[in-house]
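Visitor: Here's a structure for you.
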Amino acid sequence: MSMTQYTARKSLDAIAKSADGHGSGLTRTLGPFSLIGLGIGCIIGAGIFVLTGKAAASYAGPAISLSFILSGVACAFVGLCYAELAAMIPASGSAYTYAYATVGEIFAWIIGWDLILEYAMGASTVAVGWSGYFTSLLDGFGVHLPAAWVNATGTVVKLADGASVTAIFNLPAALIVAGLTALLMLGTRESTRVNNIMVAFKLFVVVAVIVVGAMFLNTHNWVPFIPANTGSFGNFGWSGILRGASVVFFAYIGFDAVSTAAQEAKRPQRDMPIGILGSLVICTILYILMALAMTGLVPYQKLGVADPVAVAIDATGIGWLSVLVKFAALAGLTTVIFVLLFGQARILFSMATDRLLPPLFSQVHPRFRTPLLSQGVIGVIVALIAGCFPIGLLGEMVSIGTLFAFLLVCLAVIHLRRHEPSTKRPFRTPGVPVVPLLGMAFSLLLMIGLPLATWLRLVVWLAIGLVIYFGYGHRHSVVPAPGE
């Protein structure tokens, strides 16, 4: 059996035709500010409000700001590649679509299956984090939810009176997913307006924390800036900065989620590069400043908690700002879940349009102009996962899936420059092939910083995906193999 049967490529003309606003059923309603809002909505969330503290306390110390710089540089090279492809191929599906146009069907399936893991598990993970912040906030106001309904199924929770209870379901985590799914099903324009409002509030609080942090800064907390390595890879020192960059990389997946909205952008050739690169630049700067502020307010050892930003602000004695931070954390995590659910449906939409998945996922509601059934199925699955399972190592799982996608995006730019040199490119990645190669190199470097167990989980997930591809996807594909 020839490998060419599985390397059929979808032509750029075919992709452009299928991406037409009328032909696809999706409507072009998103401008540059909404696209930047989508990116910021996904980027600023778990990274600032959860992962920064853990990475500082366990891996990099005050040098966590250098970890963010390393991750930001890696994303800059990859972001330039995304910008070229999103403007050149303005279709939903992100890296899946780009892979189909360059390296062929089986590789497109692999990356699409990888993105399903990234977005679905990412949304579930953040929903569990949202539940933790929500429960903590209610506790502060004297409202205590039953422990059995705010933890993962089967978790044994010790109560204040010494008794213990076995958790049934994480209800807040499931409900936030259900609510956002309903909002996304009702319309893209309406749901992005709500997202933009929450993003504006979140940005205000982040800037306030940075300003207040500068006023109460204790530079002694930065000494030593790079703690000495403990003797094992990833535990402080320069290897700790690398491990920290691999962990906080989860916080950068928002900019690639913008590319899933290409088919609903008003002027994708102009607006997609603005949305991708604009959100990436803004959030990288804020991450670095926030990391410096947090490690300057309290010793980094104290930041390894579920709400590290609140811990840092408590050191200032400004009580009202601590409460505001918790509300901002909820808004931040909400927008992350929102964008991941949004992107997941668009990736499934593209794969189903190519018949690699059942047609159910490509149906667009005639009134709301959204992939309503697809969005609903995704919402139910993610809500159940969020309600039943703890966070565990999902953050690292999402990171390796994202970095794997980034590798193929950079490769796609090099491939198309060589084989489709005359195709119109509204935005051109500078310094090709150096910039894409650097993007690939940084992505591989960050992948090396992840544990072996995470690599094994990725292999198992991809193996399951290949079984589905050979059993269903390839048999139903609408793209003919070469020579057919």
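The values are calculated or read from the model by the stated rules, or taken from the named source; none is laboratory data. The shown structure was predicted, so the numbers you read here are calculated from the model rather than taken from an experiment. Cβ atoms come from the backbone with ideal geometry, glycine included; neighbour counts cover every protein chain shown.
Visitor: Mind listing whichever residues of the range 223-256 are within 23 Å of the chain's Cα centre (by Cα) and polar (S, T, N, Q)?
Guide: 246
Visitor: Which condition does residue 265 not pass, out of (1) closer than 17 Å to residue 64 by Cα; (2) in contact with an Asp or Glu (Cβ under 7 Å, 6 or more places away or on another chain), if it passes all the others?
Guide: Every condition holds for residue 265 apart from (1).
Visitor: Additional query: In the range 415-437, what residues are part of a helix (DSSP H, G or I), among the aliphatic types (A, V, I, L, M) and closer than 15 Å to residue 83 by Cβ?
Guide: Across the range 415-437, the qualifying residues are 416, 435.
Visitor: Also, quick follow-up: Please enumerate the residues belonging to the range 311-327 that are surrounded by fewer than 22 Cβ atoms within 10 Å (Cβ to Cβ) and in a helix (DSSP H, G or I).
Guide: 311, 314, 319, 320, 321, 322, 323, 324, 326, 327
Yes or no, residue by residue, for (1) small (Gly, Ala, Ser); (2) within 30 Å of residue 361 (Cα to Cα); (3) surrounded by fewer than 16 Cβ atoms within 10 Å (Cβ to Cβ); (4) modelled with pLDDT of 80 or more:
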position	(1), (2), (3), (4)
141	no, no, yes, yes
160	yes, no, yes, no
167	yes, no, no, yes
176	no, yes, no, yes
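Visitor: Of the residues 132, 104, only one is surrounded by fewer than 24 Cβ atoms within 10 Å (Cβ to Cβ) and more than 21 Å from the chain's Cα centre (by Cα); which?
Guide: Answer to the selection: 104.
Visitor: Looking at this structure, is residue 123 touching a residue at least 12 places away in the same chain (Cβ under 8 Å) and among the hydrophobic types (A, V, I, L, M, F, W, C)?
Guide: Yes.
Visitor: Let me ask you something else. I'd like to check something: does the range 235-247 contain any residue that is closer than 19 Å to residue 332 by Cβ and out of contact with any helix residue (DSSP H, G or I) (no Cβ under 7 Å at 6 or more places or on another chain)?
Guide: no
Visitor: Condition test on residue 194, is it within 30 Å of residue 38 (Cα to Cα), under 20 Å from the mean Cα position of the chain (by Cα) and of a type outside the set (Asp, Glu)?
Guide: yes
Visitor: Can you spot a residue in the range 452-467 that is without any contact (Cβ under 8 Å) to a residue 60 or more places away in the chain, within 17 Å of residue 87 (Cα to Cα) and either surrounded by 15 or more Cβ atoms within 10 Å (Cβ to Cβ) or aromatic (Phe, Trp, Tyr) (or both)?
Guide: Within the range 452-467, not a single residue is without any contact (Cβ under 8 Å) to a residue 60 or more places away in the chain, within 17 Å of residue 87 (Cα to Cα) and either surrounded by 15 or more Cβ atoms within 10 Å (Cβ to Cβ) or aromatic (Phe, Trp, Tyr) (or both).
Visitor: In addition: Of the conditions (1) surrounded by 18 or more Cβ atoms within 10 Å (Cβ to Cβ); (2) over 21 Å from residue 287 (Cβ atoms), residue 63 satisfies every one except a single condition; which number is it?
Guide: (2) is the only condition that residue 63 fails.
Visitor: Right, another one. Out of the residues in the range 420-443 that are in contact (Cβ under 8 Å) with a residue 40 or more places away in the chain and surrounded by fewer than 16 Cβ atoms within 10 Å (Cβ to Cβ), state the one that is nearest to residue 9 (Cα to Cα).
Guide: Residue satisfying both the conditions and the ranking: 420.
Visitor: While we're here: Read through the list (1) under 17 Å from residue 212 (Cβ atoms); (2) crowded, with 19+ Cβ neighbours inside 10 Å, then give the number of the only condition that residue 248 fails.
Guide: (1)
Visitor: Sticking with this structure for a sec: Please tell me if residue 474 is at pLDDT 85 or above, surrounded by 14 or more Cβ atoms within 10 Å (Cβ to Cβ) and either in contact with a Lys or Arg (Cβ under 7 Å, 6 or more places away or on another chain) or not charged (D, E, K, R) (or both).
Guide: yes
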